[in-house]
Each structure stands twice: as C-alpha cells, then as structure tokens.
Amino acid sequence: MNDMTFDHAQQQKAPTVAAPAAPSPVMPFDTRDQANATKALLAILLYVLLWGLAVAIWGLPALFLPAVAKTAIMFVILVSITRG
C-alpha cells in the first residue's frame, strides 16, 4: 500500500482542546537587578571614557599601558587558578 494514500479504515479523531491553564503569577519587577546592571554599565562607560581621555592627553602610551597592566593581573589570576 502506498504511504501517500488515505486509509479510510482509520477513524478521524476530533482534536482535543485543553482547558485554559490558570494564569501564571507575574514575577514582581526586581529593581535591584536593574540597579546592578546600571552600575555595571556606568562603570564600563566611565572606564572607557577615562581611557579615551588619557589617550587624548598622553597619546599612544596611554593606549597600550592598560593592556600591559592587565597582563600582570591576568598572570596572577592564571597562577592562582592552576594552584587550585
């Protein structure tokens, strides 16, 4: 029998409609999460602004010195991770 043919022996069932579920309780808006996110974004913005200001004042050395300082910090972090 071809799979594409309609089998009349099968009875068609009407689709069942589930009863509407009770509405889920709405989570209250937590302003602490928004405040923490705002503080983090403002800290990043301040860092980038100060870095740009330093580049404008001192030029190229101010562009790469933060990366040099972060290299030493990252080295300490990696050693502390490997020590457990």
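The values are calculated or read from the model by the stated rules, or taken from the named source; none is laboratory data. Bear in mind the structure is a predicted one, so any value in this text is a computation, not a measurement. Heads up, the Cβs are rebuilt from the backbone with ideal geometry, glycines too, and the neighbour counts pull from every protein chain shown.
One table, with the values for the structure above:
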read-out	value
Any pair with Cβ under 8 angstrom, 6 or more apart, that starts in region 63-84 at a residue that is surrounded by 10 or more Cβ atoms within 10 Å (Cβ to Cβ) and ends at one that is modelled with pLDDT of 90 or more	LEU63/VAL55; PRO66/TRP51
Test: residue in region 10-33 that is in a loop (DSSP other than H, G, I, E, B) and at pLDDT 90 or above	no
